[in-house]
1. Between residue 65 and residue 15, what length in nm is gained on full extension when 0.36 nm per residue of separation is reduced by their alpha carbon distance?
2. I'd like the FRET efficiency for residue 83 and residue 49, computed as 1/(1 + (r/R0)^6) with the beta carbon distance as r and R0 of 41 Å, rounded to 0.05.
3. Residue by residue, what Karplus-based ³J(HN,Hα) values in Hz, rounded to whole numbers, does region 68-76 have, using 6.51, -1.76 and 1.60 with θ = phi - 60° and x for Gly and Pro?
4. Can you bin region 43-92 into rounded, prolate or oblate? Criterion: square roots of the alpha carbon gyration tensor eigenvalues sorted a ≥ b ≥ c, rounded for a/c under 1.5, prolate for a/b above b/c, oblate for the rest.
5. If you plug each phi of region 37-46 into the Karplus form 6.51 cos²θ - 1.76 cosθ + 1.60 with θ = phi - 60°, what whole-Hz ³J(HN,Hα) values come out, in order, with x for Gly and Pro?
6. Determine which aspartates and glutamates satisfy two conditions relative to residue 33: a Cα distance under 18 Å, and not lying fewer than 8 residues away in the same chain.
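Rule-based calculations on the coordinates, nothing more; no lab input. The structure presented is a predicted model; accordingly, all values stated were derived computationally and were not measured. Heads up, the Cβs are rebuilt from the backbone with ideal geometry, glycines too, and the neighbour counts pull from every protein chain shown.
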Amino acid sequence: MKPSLLLLLGCTAVLAAQTRADTPRDPEALVTKVQEYAQKASAMAKSAISTVQESEAMQQARRWLSDNAELAKERLAWLKERLAELLKRTPAA
């Protein structure tokens, strides 16, 4: 999550907890409410992240990166072979 979004969520949690507290001068109730809200927000964020990681689009992206990494390795090996052949053909000075 972006830091600005986390800051916004934190401020919202403080304001919401303050309005829900039994007495406006009860800091312990406010802290408890903020902690509960933070735990719920954290659980929701973890759930969203795991959903994205398990999505079909993410799996396709991983396969694409894996396939292209292998292709890059193959092309690098081919290039090394060609350079080695070229160096063998070049007469020493």
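1. Details: separation 50, 0.36 × 50 = 18.00 nm, distance 4.41 nm.
That pair, residue 65 and residue 15, stretches by 13.6 nm at full extension.
2. Once rounded, the FRET efficiency stands at 0.40.
3. In residue order, the calculated couplings are 6, 5, 5, 4, 4, 5, 4, 5, 5 Hz.
4. It is prolate, given that a/c is not under 1.5 and a/b is the larger ratio.
5. The phi angles translate into 5, 5, 5, 5, 5, 5, 5, 5, 5, 4 Hz.
6. 22
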